1. If the viscosity is 1.567 mPa s and the temperature 4 °C, what Stokes-Einstein diffusion coefficient in µm²/s follows for segment 116-229 when Rh is the Kirkwood radius over Cα pairs?
2. Can you tell me the length gained on complete extension of the stretch His157 to Ala355, counting 0.36 nm per residue apart and subtracting the Cα distance?
3. Can you pull the semi-axes for segment 47-200, root of five times each eigenvalue of the Cα gyration tensor, sorted largest first, whole Å?
4. Per residue Cα convex hull volume for segment 82-131, in cubic angstrom?
5. Percent of alpha carbon pairs in segment 8-62 separated by more than 16 Å?
6. Between Lys211 and Arg235, how high is the FRET efficiency from 1/(1 + (r/R0)^6) when r is the Cβ-Cβ distance and R₀ = 30 Å? Nearest 0.05.
7. Tell me whether segment 1-93 comes out rounded, prolate or oblate; compute the Cα gyration tensor, take square roots of the eigenvalues as a ≥ b ≥ c, and use a/c under 1.5 as the rounded threshold.
8. Starting from 0.36 nm per residue, how many nanometres of slack lie between His57 and Lys331 once their C-alpha separation is accounted for?
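Nothing in this text is a laboratory measurement; each read-out follows from the coordinates by a stated rule. All values derive from a computational prediction rather than experimental measurement. Using ideal geometry, Cβ is built from the backbone for each residue, glycine included, and neighbour counts are taken over all protein chains shown.
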Amino acid sequence: MARSGPQVADIFRRHGETYRAQHTSLSTAQRCVMTAIELCRTSAPGGHVEARDQCGHRRIAFNSCRDRHCPRWQSLTRAQWLEDRRAEMLDTQYFHVVFTLPKAIAAIAYQNKALVYGLLFRAIAETLRTIAADPKHLGAEIGFFAVLHTWGQNLLHHPHLHCVVPRGGFSPDGTRWIACKPGFFLPVRVLSRLFRRSFLQLLEKAFDAGKLQFFTTLQHLNECKAFRRYLAPLRKTDWVATPSRRSPDPSRCSITSVALHAPRCHLQQPPRRNRGWRGAARCCRSPALRRKSKDCLEEWREKTNASATLSTDQILAQKTSMYEPFEAQIKEWLKDEPALSAAGVLQRLTEIDPARFKAKNIRMVQRLVKTWRMEMAGLVILDGGWIKSLPASPAAAAAGDAGIPKPATFGNIYR
């Protein structure tokens, strides 16, 4: 399949060597990322043979660099992660909330990526859970997942967090669901101010503990008084915390896709003065290389793409599942047939056409099957968190599920 246009790797291959010669201050991590992108889909990483099932046509395809900064890699991993998040989503509407760091804090984050990005996740989790737990606003325990973006559509450093939050949560005693008002999540001004206070408190604690490091133009912030003066104006400015005002897609797919792609209109502006980019900025090859190379996460190894404070496992633990009485029976099926799908499990339990099952019931069985597979023996854990089941033995496949009794009734789980 022909490419639609020039790739980032093409720019790196053509001008990368000259750029590295002119910028000797590049770190080892930045140089490694540039080299990996230049070698991506070339003969250096090796290759493999691709074949069509219909006509048998074959072609040689080069392997990718497997570097997380490369835009041509991780498409399958990203799609799998997105499907896992969709399977965890509840049968309710969701809000898309964006938290943005001010430009002055972004400068500190650029020199302390691992620490400041971790503080950003902690501050946002504390903000959302605190305000949602307040009886004046919602009075419920909520959960969410978040995706970190460190640069904007213009390739400039612009750290912000995209959060996907359900429209409601569990009551403090865990016995009922409390929903938000229609079309309203939480007050924006309260979110913005609590986010500002929580983050600055965490940042000051990190400074007092000697965890922050400053260089070049920020070197004067190593002094305590200078650091306090630097943060003083930020306590009076409005920090960006913008919930999505549009209605989420009923399929709950578009709102998760938005959080995984480059932002379009979330800029460093107060909540009431949001504006979008009008056109694209033209830049020569050197700024493009500089902006891309500066986006390296370097030594940071913390998981930043998900921050679920109320997981689906916690929700299932608070609500007794109607599938629990058949856990041993389903595990036996999975042991004999590891590739059995959730729809297949439901079909065996109910003897009903899978096309009639409700989507929420299939998602629930998917979560249970995934959990039970991890608990069972015969699993191989691969790099990157992938889980592959061992193939069923011929004897088990021949035996099938003969002799296993069927339940008489299973409730209203189909359309």
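1. 80
2. 66.6 nm
3. 37, 24, 11
4. In segment 82-131, the Cα hull volume divided by residue count equals 120 Å³.
5. Counting every Cα pair in segment 8-62, those more than 16 Å apart make up 55 percent.
6. Approximately 0.90, to the nearest 0.05.
7. oblate
8. 94.6 nm
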